[in-house]
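Below: the structure, in structure tokens.
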Amino acid sequence: MKAYLLALMVAIVCVTPLGAQRRQRVNHPGDPSIWLSVGIAGFTANSVNDGATGSTWDFGNSTNLQYNASLERAIGNGLSLGVAGTYARVPFLYSGGFAPAGGGATCGSCDAHLNMTTLVGTLHVGGSVGIYQVIELNGGIVMYNNLTRDTDKAKLAPSGGNIDPYFSLGYGIGYGLSKTTQIEFVPDYAIAIHERSGLSNGVSNTNSTRSLRLGLRMGF
């Protein structure tokens with residue numbers, strides 16, 4: 001019986017410092033409370049079928065540059081919540097269409113560019129010194145605006161642009177240079193859900209995008 005009591009006391013003495021060390025790692029005063037990240041990505045998109053103007057915006061799955069940034073607050077060890085956004089000036093093929101009440105030019109088929117901007121709430125998981133895994137969940141909106149015909153810079157319909165719900169998931173790897181400086185490489189998959197108004201049942205209302213993002217995270 002004394003041997004069991006001695007073993008129990010030794011276990012308590014050993015476990016208590018380990019538990020304290022764990023708590024110190026989670027709530028260490030030197031850990032950053034705010035994370036700022038900036039990055040650049042190569043991304044592809046398929047198309048948007050817009051029933052309001054009877055037009056198709058075909059991105060052709062071509063690779064374009066996308067710029068991104070986020071501001072997050074740490075809520076746990078390697079866990080943070082915040083807001084994130086991306087911007088890209090994207091070439092596309094504008095096909096068909098008619099001018100709605102809001103105005104804007106149309107064409108049977110012409111080369112054009114538009115601004116694609118996203119604004120999302122983000123949950124970021126991952127972060128340490130050395131190599132670690134990264135998981136990101138995002139939900140918010142994507143904005144298509146400034147649709148411009150390449151030949152004469154005319155504003156294409158819809159002249160006011162369009163806003164759609166947007167969701168993305170990212171999974172990749174990171175490398176922590178220190179507790180406050182991290183580099184991450186994250187492939188993302190996202191979908192934007194366009195309104196079905198004016199579209200026939202067999203026409204897709206989903207624009208899917210993929211990206212390969214390289215980013216720098218700084219903790220404060």
- Would you call Tyr175 assigned to a strand (DSSP E or B) and open to solvent by 10 Å² or more (accessible area, probe 1.4 Å)? yes
- Which residues, counting only those in the stretch 198-219, are open to solvent by less than 50 Å² (accessible area, probe 1.4 Å) and assigned to a loop (DSSP other than H, G, I, E, B)? Leu199, Val203, Asn205
- Listed residues Glu184, Glu195; which is at pLDDT 95 or above, out of contact with any Leu (no Cβ under 6 Å at 6 or more places or on another chain) and either open to solvent by 60 Å² or more (accessible area, probe 1.4 Å) or small (Gly, Ala, Ser) (or both)? Glu195
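May I ask you to verify whether Gly127 is touching a residue at least 12 places away in the same chain (Cβ under 8 Å), exposed (fewer than 15 other Cβ atoms within 10 Å of the Cβ) and small (Gly, Ala, Ser)?
Details: touching a residue at least 12 places away in the same chain (Cβ under 8 Å): yes; exposed (fewer than 15 other Cβ atoms within 10 Å of the Cβ): no; small (Gly, Ala, Ser): yes.
No.
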- Message: The conditions are (1) out of contact with any His (no Cβ under 8 Å at 6 or more places or on another chain); (2) open to solvent by 20 Å² or more (accessible area, probe 1.4 Å), and Ala88 fails exactly one of them. Which is it?
- Response: (2)
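What number of residues within the stretch 149-172 satisfy the criterion of being in a strand (DSSP E or B) and either free of Cβ contacts under 8 Å to residues at least 12 places away in the same chain or closer than 29 Å to Leu214 by Cα (or both)? First the steps, then the outcome.
Going residue by residue through the stretch 149-172, those that are in a strand (DSSP E or B) are 149, 155-156, 162-172.
The next check asks that each one be either free of Cβ contacts under 8 Å to residues at least 12 places away in the same chain or closer than 29 Å to Leu214 by Cα (or both); those that pass are 162-172.
Residues that pass the stated criteria total 11.
Test of understanding: among Val48, Val38, Val83, which residue is of a type in the set (Val, Ile, Thr), modelled with pLDDT of 95 or more, in contact with a strand residue (DSSP E or B) (Cβ under 7 Å, 6 or more places away or on another chain) and surrounded by 18 or more Cβ atoms within 10 Å (Cβ to Cβ)? Please lay out each step first, then the result.
Details: Val38 fails: surrounded by 18 or more Cβ atoms within 10 Å (Cβ to Cβ); Val83 fails: surrounded by 18 or more Cβ atoms within 10 Å (Cβ to Cβ).
Only one candidate passes the filter, namely Val48.
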- Within the stretch 82-119, count every residue that is outside any strand (DSSP E or B), in contact (Cβ under 8 Å) with a residue 24 or more places away in the chain and not β-branched (Val, Ile, Thr). 8
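For (1) touching a Lys or Arg at 6+ places or on another chain (Cβ under 7 Å); (2) open to solvent by 40 Å² or more (accessible area, probe 1.4 Å); (3) of a type in the set (Asp, Glu), each residue gets a yes or a no:
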| position | (1), (2), (3) |
| --- | --- |
| Val134 | no, no, no |
| Leu147 | yes, no, no |
| Pro158 | no, no, no |
| Ile163 | no, yes, no |
| Ile191 | no, yes, no |
- Residue list for the stretch 39-87, restricted to those being of a type in the set (Phe, Trp, Tyr) and within 13 Å of Thr209 (Cα to Cα): Phe43, Phe59
- Any idea which residue in the stretch 65-78 is nearest to the chain's Cα centre (by Cα), counting only those that are exposed (fewer than 14 other Cβ atoms within 10 Å of the Cβ) and closer than 12 Å to Asp31 by Cα? Arg73
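The values are calculated or read from the model by the stated rules, or taken from the named source; none is laboratory data. None of these values were measured; they are calculated from a predicted model. With ideal geometry, Cβ positions are generated from the backbone for all residues, glycine too; neighbour counts draw on all protein chains shown. Note: accessible area is taken over every heavy atom of the protein model, side chains too, but ligands, DNA and RNA are not part of it. Shrake-Rupley method; radii C 1.70, N 1.55, O 1.52, S 1.80 Å.
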